[in-house]
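Working notes for the structure below.
Read-outs: derived from the displayed coordinates by stated rules, not from any lab. As the structure is a prediction and not an experimental result, all values here were calculated from the model. Cβ atoms come from the backbone with ideal geometry, glycine included; neighbour counts cover every protein chain shown.
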């Protein structure tokens, strides 16, 4: 397990297995680094920022030097600010596509929006990223890649080669050891209660990750 190093350079306890499991998904890294090429000084909006991929994405976006706006429910605002978001929008109160604010990157982690709906909130050039491979975006991707000032992008991160996944895991390990990336765990369920874990996730209210353990959590 990786050693956790505080910002003053001192080493603390290793990550638990549950914390390590919550860190190994490279989805956000692939989208922001490889597909968006997110750079220092750019602006990014993350829709669904309080979920598993979103809580990682906000930390990575700050690491890359971007100004981050997160969209989530009002109950999760404090968590998202602690993770580094510069601005937080409560989607129950505000439609981010109608504020007049524009961004270099929109990352729709929740898969609740669309390129067509978000197009007006993108700068020129701008990139719209989504984790939901709908028929619409699969048609929009090749057209916008050639002709559009604003591009629609979806990535199939699970299809990366073992070598690419290993490289990404090592990058995440380095960020975690430097305390640049911290795991967010909402709940832990022992393996016999895995159906309860699925029900909790399907309810759509979790913050960060839900981890299934081989023993009862303490």
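Points to keep in mind about this one:
- The stretch 174-214-the stretch 85-150 distance, computed between alpha-carbon centres (Å): 27
- Residue 193-residue 24 FRET efficiency (beta carbon distance; Förster radius 25 Å; 0.05 resolution): 0.70
- Fraction of C-alpha pairs exceeding 22 angstrom in the stretch 26-159: 28 percent, rounded to a whole number.
- Over all orientations, the stretch 142-218 has a Cα convex hull whose mean projected area works out to 8.8 square nanometres.
- Relative to the current alpha-carbon distance between residue 174 and residue 39, full extension at 0.36 nm per residue lengthens the span by 46.7 nm.
- Here's the picture: a label point sits 7 Å out from the Cα of residue 134 along the beta-carbon direction, and within the stretch 148-172 the residues with their amide nitrogen under 17 Å of it are 151-155.
- Were the residues from residue 166 through residue 205 laid out at 0.36 nm apart, the gain over their Cα-Cα distance would be 11.0 nm.
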